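Visitor: I'd like to ask you about the structure that follows.
Every number here is computed from the coordinates shown, using simple stated rules; none is lab data. Since the model is a prediction, treat every value here as computed from it, not as a measurement. Virtual Cβ from ideal backbone geometry, glycine too; neighbours counted across all protein chains shown.
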Amino acid sequence: MKKYLSNQKILIGIGSVSGFIILAFILFFLGSNKKEHLAVRLEEEKLLNTRGIPHDSSIVSWDGSKVWRPNFLETEKVLQKSELATPKILFMEYQLEYRYPSDSRPLTKKMADLLDPFKINQEKVPIFKPDSNGEIQGYFSWFSSLYMVTEDKPAVAWLQVFDAKTDKPVRARILSAEIQSDLVFGEKPVGVADYNDSGAGYDLEANDGIYTFSWIPRKGEKLHWGELTMKVRFDAPSIKLKETEASFTFNSTPIIPAKFTGNYRESIENGSLLIGAEIDIYKPGQYIFEANLFDKETGTPYHWVYMRKYLEKGTSQRIDLPFFGAIFHDRGFEEGRFILRNLRGHRMNLPYDPRKLNEMVSKGIEIPDTFEPLQEWIPLPEEPYITLNRYDVAQFSPLEYQGSDKKERLRVLQDYAAAWEKAHGASTDTVMGD
């Protein structure tokens, strides 16, 4: 746990320093009256004009107000691929990052991990021939529609084996299928998985060479909590594959910390859509919630929400999921109803009160070790939520995010940039790395 927290602090520190350095260059460019180098200006204009990146001549209007409405994701992708690293380009990257708040981000069809957050479709894992110089004899691959289970819901996964020479599926011979506990509980044997390729139970098709494995955790059993491993031993005589092992990892929560009630409410506040999901909290603590918002008629994805909140024990509490208004404009929404899918959440099983972390650090109090799994999942809602009302894009604000966190960070970075400029100086056509 100590190592984990230390790594997190290091990453936060690196991110902060990187932000300081980037914005230092940005602000010099914006505050300087020197003439920009012609070659740099032409290259910037080429990038802006040919790629459709908004600049002074591409401002659009909403309710009579001039508002910048970039194609967030495409613009960001173009900028990241660009070899040009002038302060102007870096400043545009900063604008794109902070156009929306951190808890409400655009969602597109290319974001497979967010669109289907619990699906596992493992890349083929090579099986090396024993006592050979790296010769690959075959491959195996796991896939599952749900890597997380709660209470006594079954964990189900499918295993397929392939011939390395032909890349075609081959029939494996299953020798054993054991379930092991989480690392913090010593990776002890806690059960045996059922398996078949006969079309029975969770098996989709008989004799297709894809074996289905299933195991039901025992509700309330602590040893069935955490990151469990399904260890399968098999061979494949048709390709002379000797006994080998394939492991599938999944998360199990036999004692749930909370439960969604299935009740919702919706409203528009400050130009953004809020969907309140009711929840019963059985165990107080730091919770993380995520959800996806789609167009009900077209299925177009619009938002991904990520938020964390400390919740006390109690029933009929509400978490308000914010869907930022500008994203509806930037993603091309016109009018209709929405459907809320993939609402999920878990409790962070921390060995300290996260509300007192700053106080602990300031007082030099050591972060205690933990001897329990770090996550406790909430059962998924039985049905998605469809908004009761139809909405028009004019109901949502197109204005970019202006939260206090953004303003404060900009102020700090401006002060840092001013100090850096005084110490080093910079020209308007400075390129990062020069």
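Visitor: Which peptide among 185-192, 172-179 comes first, and what is the full order, when sorted by highest mean count of other Cβ atoms within 10 Å?
Guide: The densest-packed peptide leads the list: 172-179, 185-192.
Visitor: List every residue whose amide H lies under 5 Å from the amide H of Phe338, counting only residues 5 or more places away in sequence or on a different chain, with H placed 1.01 Å from N in the peptide plane.
Guide: Lys296, Thr387
Visitor: Right, here's the next one. Past 29 Å, Cα to Cα: identify those pairs from Lys110/Lys407; Lys222/Lys242; Lys188/Lys219; Lys283/Lys406, in the order given.
Guide: Too far apart for the 29 Å limit: Lys110/Lys407; Lys222/Lys242; Lys283/Lys406.
Visitor: For a protection proxy built on the mean count of beta-carbon atoms within 10 angstrom, sort 251-258, 263-270 highest first, please.
Guide: Answer by packing, highest mean first, reads 251-258, 263-270.
Visitor: Report the paramagnetic label zone for Thr370: residues of the range 163-207 whose backbone N is under 11 Å from a point 7 Å from Cα along the Cα-to-Cβ axis.
Guide: Inside the label zone: nothing.
Visitor: What is the distance in Å between the Cα centroid of the range 148-174 and that of the range 299-315?
Guide: Between the Cα centre of the range 148-174 and that of the range 299-315, the gap is 33 Å.
Visitor: A follow-up question, please. Karplus couplings for the range 103-109 from phi (6.51 cos²θ - 1.76 cosθ + 1.60, θ = phi - 60°), rounded to Hz, Gly and Pro as x?
Guide: Karplus-based 3J(HN,Hα) across the range 103-109 equals 8, 9, 10, x, 10, 10, 5 Hz.
Visitor: If you don't mind, there's one more thing I want to ask. How would you rank 309-322, 277-290, highest first, on the average number of other Cβ atoms within 10 Å across their residues?
Guide: Top of the packing list down: 277-290, 309-322.
Visitor: Between the range 336-387 and the range 205-237, what is the separation of their alpha carbon centroids in Å?
Guide: Comparing the Cα centres of the range 336-387 and the range 205-237, I get a distance of 27 Å.
Visitor: Taking amide H atoms as placed 1.01 Å from N in the peptide plane, list the residues 5 or more away in sequence, or in a different chain, whose amide H sits under 5 Å from that of Ile255.
Guide: It is Glu151, Gly220, by chain and number.
Visitor: Here's a follow-up. Would you pull out the residues with amide H under 5 Å of Tyr211's amide H, same chain only if 5 or more places away, H placed 1.01 Å from N?
Guide: Leu159
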